[in-house]
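Colleague: Got a structure for you, written out below as structure tokens; questions coming shortly.
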Amino acid sequence: MVDFGGWEMPQQYTSIRDEHFAVRKVAGLFDVSHMGRFRIAGGSSLDFLQHLVTNDLGPLVHGQAQYNLLCNEGGGIIDDLVVYRGSEGFFAVVNASNRERDLKWMQEQAPPGIEIEDRTFELGLLAFQGPRAQELLPAEGLEDLPYFGFRGGDVAGIHALISRTGYTGEDGFELFINSDRVGEVWDAILERGQEAGVLPAGLGARDATRLEAALRLWGNDMDETVNPYEAGLGWTVKLGKGSFIGSDALQKIKAEGPRRTLIGLKTEAGNIARHGAAVMSGGKRAGVITSGTHSFFLGYPIALAMVEAGTFRVGDRVVVEVRGREAPAEVVKLPFYRGSARSAASPTRS
Amino acid sequence: MADRRYTKTHEWVTVDGKHATIGITDFAQSQLGDVVFLELPSSGRKLTARETFGVVESVKAASDLYSPVAGRITEVNEKLASRPELINSDPYGEGWILKLDLAGDLPPDLLDETDYKKVTEASAH
């Protein structure tokens, strides 16, 4: 077990390799109950959230979710989150390590009449992810649930909020279930999927699959010193929706063009470039590795690096620091792997 | 195994006359997670006790390997190059790392099973 944002979580249940393959080939079940979950309601909650986040929540109908960013006044990324629009207000799912900070930030910005409630400890959250997730989930009638759509329903006879979202690049579902029943749903999904090869999957498989899909991890690939354009998340910034926190700064950054950019790197077997390692080109430091792992599925190590914008193109050769020595790397296209998810982003992606 | 001895850095060694076999412990492999690569020395190299002789790289982290004993390397487990996962699946058997011809006496600070267990219990959480 490892400490992750204050939660004790398994790196693997059996083997990262097996769990990773289960997610890519069949489906894997993650316990992501550590993620922060807030309910945001009250008269002007739409206006309030529009002021907080970068994406445009306006077009969202009830039962739709959207990938979003919280930025500070300077345009730095406070956190990334998924915002759900329900019939009785909004729901936000944030990173575990940022839960308390995000809650405080939201409360500080909230006008009177807005209720922000931390539901993290009342609701469990499971992620069932993989190309066969829909077929193997013990629930009915999900064929027409669109990517980034959600609805109430029963999973193994227990009430859940079922959302077609995830963090692996595969099709799949995230299930919000009352904490006292979540264990039963966990067991039922594993039992139903056992024969097909469904496995419980830990943090190791989660990190590998999200990195293959080039999904950014807050704290690794971005933080308050990084803006959305540098993180390759400019598509979540809707400057046309009106003023919001950070919009002035982001307007300027967009006009001038970002100074840095995230790129994908591939290295030779055994050369895992870790977070913080240097990226070199022509004998000079050109950037830093933000995330790196060995991809069992692809068969080689992969990494994301934050480098000076406009310096590298796909196919370029660079040098990365591995275990204190220099190792060759190749710039590759992102994502490293495109799974069964129907779209890399929410339906409102422009 | 009664004659297996351990280090605080989670290597093990078995000794048969002048010949020693070394690897990393089951506790070490479980803490590292899936091993993806080993950087190992060549046969013939001489090692002193506690000298770094290689690196084991797992999905989680790269960790140095320390020799529990002094000696000259006679054999490196070639299978690990293509099947590093043997470290995880069979750390005391097929996942052995080096064989050495011992030089001198065994270091006095090697741990027996009981004392090593205390070390792992103290560092596990």
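The values are calculated or read from the model by the stated rules, or taken from the named source; none is laboratory data. Please read these numbers as outputs of a predicted model, since none were measured by experiment. Because the Cβ atoms are built from the backbone with ideal geometry, glycine has one as well, and the counts that use them run over all protein chains shown. Heavy atoms of the whole protein, side chains included, go into the accessibility calculation; ligands, DNA and RNA do not. Shrake-Rupley method; radii C 1.70, N 1.55, O 1.52, S 1.80 Å.
Colleague: Between a residue in segment B:75-90 that is on the phi > 0 side of the Ramachandran plot and in contact (Cβ under 8 Å) with a residue 12 or more places away in the chain and any residue that is assigned to a helix (DSSP H, G or I) and not polar (S, T, N, Q), which pairs come within a Cβ distance under 8 Å, given they are 6 or more apart or on different chains?
Modeller: Short answer, once both residue conditions are applied: none.
Rundown of residues vs (1) without any contact (Cβ under 8 Å) to a residue 60 or more places away in the chain; (2) assigned to a loop (DSSP other than H, G, I, E, B); (3) among the aromatic types (Phe, Trp, Tyr); (4) farther than 28 Å from residue A:299 by Cβ, yes/no style:
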site: A:8; (1), (2), (3), (4): yes, no, no, yes
site: A:11; (1), (2), (3), (4): no, yes, no, no
site: A:14; (1), (2), (3), (4): no, yes, no, no
site: A:18; (1), (2), (3), (4): no, no, no, no
site: A:21; (1), (2), (3), (4): no, no, yes, no
site: A:24; (1), (2), (3), (4): no, no, no, no
site: A:29; (1), (2), (3), (4): no, no, no, no
site: A:34; (1), (2), (3), (4): no, yes, no, yes
site: A:38; (1), (2), (3), (4): no, no, yes, yes
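Colleague: When segment B:2-23 is examined, which residues are found to be assigned to a loop (DSSP other than H, G, I, E, B) and either closer than 14 Å to residue B:116 by Cβ or within 14 Å of chain A (Cβ to nearest Cβ) (or both)? Spell out how you get there, then give the answer.
Modeller: In the first step, residues of segment B:2-23 are kept if they are assigned to a loop (DSSP other than H, G, I, E, B); the result is B:2-3, B:7-10, B:17-18.
Listed by number, the residues that qualify are B:2, B:3, B:7, B:8, B:9, B:10.
Colleague: Only one of these conditions is not met by residue B:40: (1) modelled with pLDDT of 90 or more; (2) of a type outside the set (Gly, Ala, Ser); (3) out of contact with any Phe, Trp or Tyr (no Cβ under 9 Å at 6 or more places or on another chain). Which number is it?
Modeller: Going through the list (1) modelled with pLDDT of 90 or more; (2) of a type outside the set (Gly, Ala, Ser); (3) out of contact with any Phe, Trp or Tyr (no Cβ under 9 Å at 6 or more places or on another chain), residue B:40 breaks only (3).
Colleague: Going through segment A:254-277 one residue at a time, which ones are more than 14 Å from every other protein chain (Cβ to nearest Cβ) and either of a type in the set (S, T, N, Q) or open to solvent by 10 Å² or more (accessible area, probe 1.4 Å) (or both)?
Modeller: Taking segment A:254-277 first, the residues more than 14 Å from every other protein chain (Cβ to nearest Cβ) are A:254-266.
Answer for segment A:254-277, where residues must be more than 14 Å from every other protein chain (Cβ to nearest Cβ) and either of a type in the set (S, T, N, Q) or open to solvent by 10 Å² or more (accessible area, probe 1.4 Å) (or both): A:254, A:255, A:256, A:257, A:258, A:259, A:260, A:261, A:262, A:263, A:266.
Colleague: Moving to a separate point now. Are there any strands (runs of 3 or more DSSP E) wholly within segment B:24-125 with 2 or more residues that are within 14 Å of chain A (Cβ to nearest Cβ) and open to solvent by less than 70 Å² (accessible area, probe 1.4 Å), and if so which?
Modeller: On the way: elements: B:35-39, B:52-58, B:62-66, B:71-76, B:98-102.
In segment B:24-125, B:35-39, B:52-58, B:62-66 are the strands (runs of 3 or more DSSP E) which contain 2 or more residues that are within 14 Å of chain A (Cβ to nearest Cβ) and open to solvent by less than 70 Å² (accessible area, probe 1.4 Å).
Colleague: Looking only at residues in segment A:291-303 that are farther than 15 Å from residue A:322 by Cβ and under 22 Å from the mean Cα position of the chain (by Cα), which one is nearest to the other protein chains (Cβ to nearest Cβ)? Break it down stepwise before answering.
Modeller: Our first condition is that a residue be farther than 15 Å from residue A:322 by Cβ; within segment A:291-303, this holds for A:295-299.
This time we only want the ones that are under 22 Å from the mean Cα position of the chain (by Cα), so: A:295-298.
On the way: A:295: 10, A:296: 7, A:297: 12, A:298: 12 Å.
Within segment A:291-303, the match that is nearest to the other protein chains (Cβ to nearest Cβ) is A:296.
Colleague: Let me ask something else about it. Within segment A:24-31, identify whether any single residue is in contact with a strand residue (DSSP E or B) (Cβ under 7 Å, 6 or more places away or on another chain), more than 14 Å from chain B (Cβ to nearest Cβ) and open to solvent by 10 Å² or more (accessible area, probe 1.4 Å), and answer yes or no.
Modeller: Of segment A:24-31, the ones in contact with a strand residue (DSSP E or B) (Cβ under 7 Å, 6 or more places away or on another chain) are A:27-31.
Applying the additional criterion that residues be more than 14 Å from chain B (Cβ to nearest Cβ) yields A:27-31.
Adding the requirement that they be open to solvent by 10 Å² or more (accessible area, probe 1.4 Å) leaves A:31.
Among the residues of segment A:24-31, at least one is in contact with a strand residue (DSSP E or B) (Cβ under 7 Å, 6 or more places away or on another chain), more than 14 Å from chain B (Cβ to nearest Cβ) and open to solvent by 10 Å² or more (accessible area, probe 1.4 Å), which makes the answer yes.
Colleague: Could you grab me the full set of residues in segment A:66-80 that are closer than 19 Å to residue A:99 by Cα and not hydroxyl-bearing (Ser, Thr, Tyr)?
Modeller: Selection gives A:66, A:68, A:69, A:70, A:71, A:72, A:76, A:77, A:78, A:79, A:80.
Colleague: While we're looking at this one, here's another question. Kindly check whether there is at least one residue in segment A:202-224 that is under 22 Å from the mean Cα position of the chain (by Cα), open to solvent by less than 10 Å² (accessible area, probe 1.4 Å) and within 15 Å of residue A:54 (Cβ to Cβ).
Modeller: In the first step, residues of segment A:202-224 are kept if they are under 22 Å from the mean Cα position of the chain (by Cα); the result is A:202-224.
Filter again for open to solvent by less than 10 Å² (accessible area, probe 1.4 Å), leaving A:202, A:204-205, A:208-212, A:214, A:221-222.
Those still in the list that are within 15 Å of residue A:54 (Cβ to Cβ) too: A:222.
Yes: one or more hits.
Colleague: With the condition kept exactly as written, say whether any residue in segment A:63-71 is surrounded by fewer than 19 Cβ atoms within 10 Å (Cβ to Cβ) and over 20 Å from the mean Cα position of the chain (by Cα).
Modeller: Step one: of segment A:63-71, the residues surrounded by fewer than 19 Cβ atoms within 10 Å (Cβ to Cβ) are A:63.
From what's left, over 20 Å from the mean Cα position of the chain (by Cα): none.
No; the residues of segment A:63-71 include none that is surrounded by fewer than 19 Cβ atoms within 10 Å (Cβ to Cβ) and over 20 Å from the mean Cα position of the chain (by Cα).
Colleague: Please work out which one of (1) surrounded by fewer than 21 Cβ atoms within 10 Å (Cβ to Cβ); (2) within 12 Å of another protein chain (Cβ to nearest Cβ); (3) not polar (S, T, N, Q) is the condition residue A:322 fails and give its number.
Modeller: (1)
Quick grid of which residues meet (1) without any contact (Cβ under 8 Å) to a residue 40 or more places away in the chain; (2) surrounded by fewer than 21 Cβ atoms within 10 Å (Cβ to Cβ):
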| position | (1), (2) |
| --- | --- |
| A:128 | no, no |
| A:134 | yes, yes |
| A:138 | no, yes |
| A:145 | yes, yes |
| A:151 | no, yes |
| A:178 | no, yes |
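Colleague: Restricting to segment A:94-106, count the residues that are surrounded by fewer than 24 Cβ atoms within 10 Å (Cβ to Cβ), of a type outside the set (D, E, K, R) and farther than 17 Å from residue A:246 by Cα. Reasoning before the result, please.
Modeller: At the first step, the residues of segment A:94-106 found to be surrounded by fewer than 24 Cβ atoms within 10 Å (Cβ to Cβ) are A:95-106.
Subsequent filtering for residues that are of a type outside the set (D, E, K, R) retains A:95-98, A:103, A:105-106.
Add one more test, that the residue is farther than 17 Å from residue A:246 by Cα, and what stays is A:95-98, A:103.
Qualifying residue count, segment A:94-106: 5.
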